[in-house]
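See structure below.
Each reported figure results from applying straightforward, stated rules to the coordinates on display, with no laboratory input. Bear in mind the structure is a predicted one, so any value in this text is a computation, not a measurement. Cβ sites come from the backbone with ideal geometry, for glycine too, and all protein chains shown count toward neighbours.
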Amino acid sequence: MLSGSLGERITALRIENRMSQKDLADFLYVNQATVSRWEKGIRFPDDDLIVKMALRFGVEPEVLLNPAPPVPCVILVDDEEISLEVNVPMMRKHLPDADIHGFSTGRDALDFAAQNRIDIAFLDIDLFRESGLDLADALASLYPNINIIFLTGHPEFMKQAFAIHASGYVLKPMTPADYLLELRHLRHPVDGLTLQD
C-alpha cells in the first residue's frame with residue numbers, strides 16, 4: 001500500500017502507469033489543471049472519480065483512500081566500521097518493519113537526512129573529526145521530533161547529551177538488550193515501529 005497524501009498517491013500511481021496529467025484528465029473527462037490541483041492537495045476528487053482512477057490504475061479504491069502507515073527510518077552513525085557491520089544487521093533483526101541505514105560519517109548521514117525523514121538516530125558521540133553532538137543538533141533542526149540515542153565509550157559526555165534532550169544514551173559495546181530498552185522508552189513515539197525480541 002502506498003503512503004503519503006492522496007495527491008502523492010495519485011501522482012505515484014499515475015507515474016507508475018506511465019500516464020501524464022493530461023492522459024489522466026482525458027480519461028476522467030476533467031481538465032489537466034484539476035488533476036494538478038489534486039496532486040498538489042489543493043482540491044480533492046469526488047468518490048466516483050476515485051473509483052474510476054482506481055480501476056484505471058488497477059488497484060482497489062482503498063489504496064487511494066487509506067494510506068499505508070509510514071515505514072520508520074532508523075540510522076546508525078559510527079566511524080568504527082566493525083560497529084556498523086555488527087549493529088546494523090542486529091537492528092534489522094530486531095526492527096523488522098524499519099528502514100535501517102548505517103553511516104560512517106556525519107556528512108553522509110546529513111546528506112541522507114536531507115532527502116529522507118529520520119525517526120531514530122543512534123549516534124556515536126566521538127566521530128572521527130566530527131562531533132556526534134553537533135550532528136544531533138543538525139538532525140534535530142531538520143526533524144524536531146527525531147529520537148537521538150547516543151552511543152559512546154565515554155560516559156563523561158552524558159550531561160551534554162541530555163542537555164540537548166537526547167532520547168537515550170548507550171555505552172559501547174551495544175547489545176540488543178541495550179538498544180531495545182532505549183527503543184521502548186523513546187522521547188517521541190514512532191508510528192509503525194515494531195520490536196522483535
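Sequentially through the range 87-92, phi angles give Karplus couplings (6.51, -1.76, 1.60; θ = phi - 60°) of 7, 5, x, 4, 5, 4 Hz, Gly and Pro residues having no value and appearing as x.
Would you kindly calculate the mean projected area, averaged across all directions, of the convex hull enclosing the Cα atoms of the range 1-112, in square nanometres?
The orientation-averaged projected area of the Cα hull of the range 1-112 comes to 8.9 nm².
In this structure, the amide hydrogen of LEU127, modeled 1.01 Å from its nitrogen in the peptide plane, lies closer than 5 angstrom to those of GLY132, counting only residues at least 5 positions away or on a different chain. Simple point charges give the picture: +1 on the Cβ of Lys and Arg, -1 on the Cβ of Asp and Glu, and for the range 89-197 a dipole about the Cα centre of about 120 debye.
Adding -39500 (n - 2.57) for every DSSP H run of four residues or longer, then dividing by how many residues the chain holds, sets the calculated 222 nm ellipticity at -13500 deg cm²/dmol. For the chain, taking the reciprocal of the average inverse distance between every pair of different Cα atoms yields a Kirkwood hydrodynamic radius of 18.9 Å. In loop segments of the range 1-94 as defined by DSSP, the chymotrypsin sites (Phe, Trp or Tyr not before Pro) with at most 11 further C-beta atoms inside 10 Å of their C-beta are TYR29.
Converting phi to 3J(HN,Hα) with the Karplus coefficients 6.51, -1.76 and 1.60 and the offset θ = phi - 60°, the range 41-50 yields x, 7, 9, 10, x, 6, 4, 4, 5, 5 Hz in sequence order, with x at every glycine or proline.
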